[in-house]
1. Looking at the structure I just gave you, is residue B:100 within 9 Å of chain A (Cβ to nearest Cβ), surrounded by fewer than 23 Cβ atoms within 10 Å (Cβ to Cβ), within 22 Å of the chain's Cα centre (by Cα) and among the hydrophobic types (A, V, I, L, M, F, W, C)?
2. Looking at region A:61-108, which of the residues that are within 19 Å of the chain's Cα centre (by Cα) and among the hydroxyl-bearing types (Ser, Thr, Tyr) is nearest to residue A:193 (Cα to Cα)?
3. So which residues in region B:59-78 are of a type in the set (D, E, K, R) and touching a Gly at 6+ places or on another chain (Cβ under 7 Å), if there are any at all?
4. Consider residue B:110 against the criteria (1) more than 10 Å from chain A (Cβ to nearest Cβ); (2) in contact with an Asp or Glu (Cβ under 7 Å, 6 or more places away or on another chain): it satisfies all of them except one. Which criterion is unmet?
5. Take the conditions of a type in the set (Lys, Arg) and over 26 Å from residue B:249 (Cα atoms) and apply them to residue B:20. Does it pass?
6. Do we find a residue being within 19 Å of the chain's Cα centre (by Cα), of a type in the set (Asp, Glu) and either modelled with pLDDT of 90 or more or not in a helix (DSSP H, G or I) (or both) anywhere in region A:123-138?
7. Output the residue which, of all residues in region B:41-69 that are among the aliphatic types (A, V, I, L, M) and part of a loop (DSSP other than H, G, I, E, B), is surrounded by the fewest Cβ atoms within 10 Å (Cβ to Cβ).
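The values are calculated or read from the model by the stated rules, or taken from the named source; none is laboratory data. Values in this document were obtained by computation on a predicted structure and should not be read as measured data. Don't worry about glycine lacking a Cβ; one is built from the backbone with ideal geometry, like all the others, and counts go over all protein chains shown.
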Amino acid sequence: MGDLIQLIVSGIATGAIYALAALGFTLLWQAAGVINFSQGEFVMLPAFAILLFIALGAPLWLAFLLACVAAMLVLGIGFKWVIVDPLIRHGVIPLVIATLGLSIGLKSTLKAGYSAEAHPFPSPFPGGQFSIADVNISYADIGTLVVAGFVVISLQLFLNRTVTGRAMQAVAQNTDAAKVLGIDVKRMVLYTFLINAVLAAVAALLVTPTYLAKFDMGDAIGQKAFFAAIIGGFNQTRGALLGGVLIGVLENLVGFYVSPAYKEGVALILFLVVIVFRPEGLLGRAEERKV
Amino acid sequence: MEGCGEMTPTARFLEVKDVRKAYGAIKAVDGVSFAVGPGEIVGVIGPNGSGKTTLFNSILGQIKPSSGNVDFCGEEITGMSPLQLSRRGVGRTFQTLQVFGKLSVRDNLIVAAQEFQGTMPARLLAPPDAGLGQHADEMIEFFGLRHVAQLPAGSLSYGQQKLIDIAMAFMPKPRLVLLDEPCAGVNPSLVDQLRALLIDLNKAQGGSFVVIEHNMDFIMKLCPHVICMVEGKVLAEGPPETVQANRQVLEAYLGN
């Protein structure tokens, strides 16, 4: 019983990180019609940015904040201006190809230009664990849950309780109507890209102590974020959360009770089952928007 | 919000001058001119495919006319984006529903006017109702939507969503509203009520309306001035009785 609870808690913590990346995925899709297949690299780059700022002498918290700003500039504004804006009018497919290319390009550039090695990454949380009854829970898992939970709740409050958040929802639901009502659609879309960049930076901070900073660390997290978004429902932010947590927990359970060898296949199998039996996702609705 | 304000007291309100829009060899709008005065309600009738909605889209910047001008309050607005036009007090409704299905009815109304509230940082920090809660509640009352105000707009009947759609267009107190088939899909028993609402809104807010509609009874009772379009051209224009009695209009659209 103790094992089970431990596995579930650490699974939820890992899943919360997938959920952050998946949330960015669904936000970009809803607001801008963009499927970003370089989402994994959007997590990898801030991880290296944090290491760079640490090497320059910044403490971890400052390095993280600087990496957030850098991510907003490069992965938010830069990505939108250089790749999305010129291609978006040609439909979804050219952007899919471009983001796949971007993913390969970023990985290869980092590998060839900097390092192919895995670099250790400082954990923002204290090591060790504590026990309740016979259940051992690590401080890192609790810390991850608290930070990811805080980010997700803040984002939901922003989207639902502020004027700007509601305008972003309006844009996601019906771009044409939003334009006619005077909502600055371009600005709302830009906000979405900035939020996605910050979510990626937070995911980097939480996931890299375990994954280590490596040029291909984004492969797994990018895939899982994509699967999580599909499993939960691509047009629902709540769906991304559910999908992420589901993958995280099931991975842990399968890894422990079946075999660690099957752990990496969990997300894929869940994804296939959902695609066959409930293609709109667990919480999704049939897509209404024009693409 | 009435008229053009003090800056251009003598300017015409909305002036559409020789607007044309062609798709290849098809002339969807073929040299249409008309004017709308402050507070005036103008009806646009004509068979399906006569270019009415294309004309609306050309006025509102959804499409760029091939030639011709649209002036609003003495300023040329041809080709301006819907965003720029909405900042000038020009709004519209669409033939199809354009409500935000997952937002509540009240939030739909608030979102329809919130972009006119203050600067960007102010909007980031504004209270959730953007200071528009009272106005939204008044409109909800006005349109008889109080019992559904907190429900997601997408869960309501088509007729109710149509009312929300129209209420949203009037939330920012626009100076000019283009209504594209407001009666389409609305229960016939609601049509008279809708007409009364529009007349009251016209008196209360003082804006001008241009209304496309196939419901002849509705348009004849609502609009003191009617334009009939056929094959992209204005076939007849004038008071409703005159247009209704026009032989060409009878042959091309109204039948015998």
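1. no
2. A:99
3. Passing the criteria: only B:64.
4. (1)
5. No; evaluated as a whole, the condition is false for this residue.
6. no
7. Among them, the one singled out is B:63.
To keep it simple, each residue is scored yes or no on (1) over 22 Å from residue B:205 (Cα atoms); (2) hydrophobic (A, V, I, L, M, F, W, C); (3) in contact with a helix residue (DSSP H, G or I) (Cβ under 7 Å, 6 or more places away or on another chain); (4) facing another protein chain (nearest Cβ under 8 Å).
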residue	(1), (2), (3), (4)
B:82	no, no, yes, yes
B:105	no, yes, yes, no
B:134	no, no, no, no
B:139	no, yes, yes, no
